[in-house]
Amino acid sequence: MKCPICNRDMKEGVVQSGRTIFFTTEPHTFFFLPNDIMSEDVTLSQHNWTRPTCKAYHCEKCRKVIIDYDA
Ligand SMILES: [Zn+2]
């Protein structure tokens, strides 16, 4: 994948966490799981019961990570 900012090749890898990885517009302060029903939270990771993982691409120059979800 090419970086959308500098157009250089991005390094393919994964983002991992010990818990489900999600995007939210309203940062959670207590319950750190996505609220898929009552909000616009988007679950990004798969294998959430064993090894929450997202396929991702990294540009070191721009310090950006692009995450593919449902991938
Ligand atoms: Zn870049």
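The values are calculated or read from the model by the stated rules, or taken from the named source; none is laboratory data. In this text, all values refer to a predicted model and were calculated from it rather than measured experimentally. Reconstructed Cβ throughout: ideal geometry from the backbone, glycine too, with neighbour counts over all protein chains shown. Remember, those area values only see protein heavy atoms, side chains included, never the ligands or the DNA or RNA. Shrake-Rupley method; radii C 1.70, N 1.55, O 1.52, S 1.80 Å.
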Taking Lys and Arg as +1 and Asp and Glu as -1, residues besides Glu26 with C-beta under 11 Å from its C-beta add up to -2
Give the calculated FRET efficiency between Asp70 and Thr25 to the nearest 0.05, with a Förster radius of 30 Å applied to their Cβ-Cβ distance. 0.95
Given a 1.4 Å probe and every protein chain left where it sits, what share in percent of the accessible area of the stretch 11-68 is carbon and sulfur? 55
How many Å² of accessible area per residue for the chain, probe 1.4 Å? 81
For the stretch 11-68, compute Rh as the Kirkwood radius over C-alpha pairs and then the Stokes-Einstein diffusion coefficient at 10 °C and 1.306 mPa s; write the answer in µm²/s, rounded to an integer. 129
